[in-house]
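A quick write-up on the structure given underneath.
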Amino acid sequence: MSFETISAVRLRAAFLVAILVAGGGGYWLGTQRESTKPAAGAADPVGKVLYYYDPMFPDQKFDKPGKSPFMDMELMPKYADSGSAGSGEGGAAPGVTIDPSARQNLGIRLVAAKIGALTANLSVAGSIEFNQRDVANIQARSGGFVQRTYGRAPGDVIGAGAPIADLQLPEWGGAQTEFLSVKRLGNPTLTAAARQRLRLLGMPESVIAGVERSGRTGGTVTVTSPIGGVIQTLDARAGATLGAGQTLAQVTGLGTVWLNAAVPEAQAGLIRVGQNAAATLTAFPAEAFAGRVIAILPTAQTDSRTLTVRIELANRGGRLRPGMFASVSLGGDARTALLVPSEAVIRTGTRTLVMLSAKDGRYHPAEVRTGRESGGQTEVLAGLSEGEEVVVSGQFLIDSEASLTGIVVRPIGASK
């Protein structure tokens, strides 16, 4: 079963559980209200019946009492009490009213919104790759022939200065002979010009100095790797004819590696270049590798909706090998914000709500705009004030009752 299929199954299961819990809560609240209904002939302190409903399907309303067409149970009456969507009797604000014993049975818990420091710790997955900035292209500086190779192959790890191939370069031999002839004339200007010609042919200073010192030409040169690392490509083969500038081998250094982490597009704003990062690998579970973000690639992955964040890690001993998977922790800067427990936040798909507790024991929904989330705390950007109490347990049942009674959600900007 694919990851997308598993996620869809889990989402449908969670949605079904939410419906059952909300319906059961509505049924329980309705049962509590029915149990407190006055006896026949007594004055009805609640008020007139607005309509009848099935607690398991609270959106369906009926004009008359009777059996529910959905469940084998009696329809519950909905009274025009102070918890309705109206302005409230006696100046009371609209909201859901729950007596103290019911609050205890429902396990309702309140927490006040408070100012605190929120540090964004983002955990994502990534993979190790070669550092493409540490690459050496080894080329033939002049046309010639490959005389000898050293048993190298792609994938071999070599050190700096390791020989790649011996080349026979006829053009170099001719230029060296000309240089020695000019030098014997004793004219410094002509000698300097001949030496410069050797440099323009790509001859290293060490080779020029050897010819000048020994007085002998040497058309054979050993090509070596300027850096240590792994051979990516190798085109030097014994007896092969070479053209000027032809690539013999490509070597990538292993001193540092890149860790490419996939960061969700929605959390890309938490990442910045220069930010510290820590990685753990399955191969070394007890060790953390420290690095820093060196780049945020400019394109997003359309299939996964992620951005690639490039982290540079030191590779002491060459233990970090391209292709390894890693778990990456990206720590952001701490920022002061208005915080509420994440479990208090209700996301409907079209807006984000919290259930507020009023001073008179009522509860009503309020729309909020949220920001970052970390450590079980969610940042509230708008819609809530410091000190206001939100429901963190049982809020879905209260929200179900509020939807049933049609209580208007407090909009953003109406907080105290």
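Taking the options Ile227, Ile231, name whichever one is part of a loop (DSSP other than H, G, I, E, B) and either surrounded by fewer than 12 Cβ atoms within 10 Å (Cβ to Cβ) or at pLDDT 90 or above (or both). Walk me through it before giving the result.
Numbers: Ile231 fails: part of a loop (DSSP other than H, G, I, E, B).
Checking each option against the conditions leaves just Ile227.
Regarding Pro204, is this residue without any contact (Cβ under 8 Å) to a residue 24 or more places away in the chain and under 30 Å from Val135 (Cβ atoms)? For Pro204, the condition - without any contact (Cβ under 8 Å) to a residue 24 or more places away in the chain and under 30 Å from Val135 (Cβ atoms) - is met.
Assess whether Val293 counts as being aliphatic (A, V, I, L, M) and touching a helix residue (DSSP H, G or I) at 6+ places or on another chain (Cβ under 9 Å). Against the criterion (aliphatic (A, V, I, L, M) and touching a helix residue (DSSP H, G or I) at 6+ places or on another chain (Cβ under 9 Å)), Val293 does not qualify.
Restricting attention to region 249-276, the residues being in contact (Cβ under 8 Å) with a residue 40 or more places away in the chain and under 12 Å from the mean Cα position of the chain (by Cα) number 9.
Would it be correct to say that Gly239 is small (Gly, Ala, Ser) and either touching a Phe, Trp or Tyr at 6+ places or on another chain (Cβ under 9 Å) or closer than 25 Å to Gly126 by Cβ (or both)?
Details: small (Gly, Ala, Ser): yes; either touching a Phe, Trp or Tyr at 6+ places or on another chain (Cβ under 9 Å) or closer than 25 Å to Gly126 by Cβ (or both): yes.
Judged against the criteria, Gly239 is a match.
Within region 161-168, not a single residue is at pLDDT 90 or above, within 30 Å of Ala278 (Cα to Cα) and among the β-branched types (Val, Ile, Thr). Residues in region 163-195 that are over 30 Å from Ala236 (Cα atoms) and among the polar types (S, T, N, Q) were compared, and the one that is surrounded by the fewest Cβ atoms within 10 Å (Cβ to Cβ) is Thr189. In the set (1) closer than 23 Å to Arg321 by Cβ; (2) under 12 Å from the mean Cα position of the chain (by Cα); (3) of a type in the set (Asp, Glu), the condition left unmet by Glu287 is number (2).
Scanning region 284-336 for residues that are over 21 Å from Asn131 (Cα atoms), in contact (Cβ under 8 Å) with a residue 40 or more places away in the chain and surrounded by fewer than 17 Cβ atoms within 10 Å (Cβ to Cβ) yields Ser304, Arg305, Gly331, Asp333, Ala334, Arg335, Thr336. Only one entry in Arg362, Arg347 is surrounded by 14 or more Cβ atoms within 10 Å (Cβ to Cβ) and modelled with pLDDT under 90, namely Arg362.
Only residues that are within 51 Å of the chain's Cα centre (by Cα) and over 17 Å from Thr149 (Cα atoms): list them for region 212-225, please. Lay out the reasoning, then the answer.
Going residue by residue through region 212-225, those that are within 51 Å of the chain's Cα centre (by Cα) are 221-225.
Selection gives nothing.
When each of Leu356, Leu313 is tested for being part of a strand (DSSP E or B), more than 30 Å from Ile231 (Cα to Cα) and of a type in the set (A, V, I, L, M, F, W, C), the lone residue that passes is Leu356.
Is it true that Leu353 is touching a Pro at 6+ places or on another chain (Cβ under 7 Å), surrounded by 15 or more Cβ atoms within 10 Å (Cβ to Cβ) and without any contact (Cβ under 8 Å) to a residue 60 or more places away in the chain?
Answer is yes for this residue.
The values are calculated or read from the model by the stated rules, or taken from the named source; none is laboratory data. Predicted model only: the values in this text are computed from it and were never measured. We place every Cβ from the backbone using ideal geometry, glycine too, and count neighbours over all the protein chains shown.
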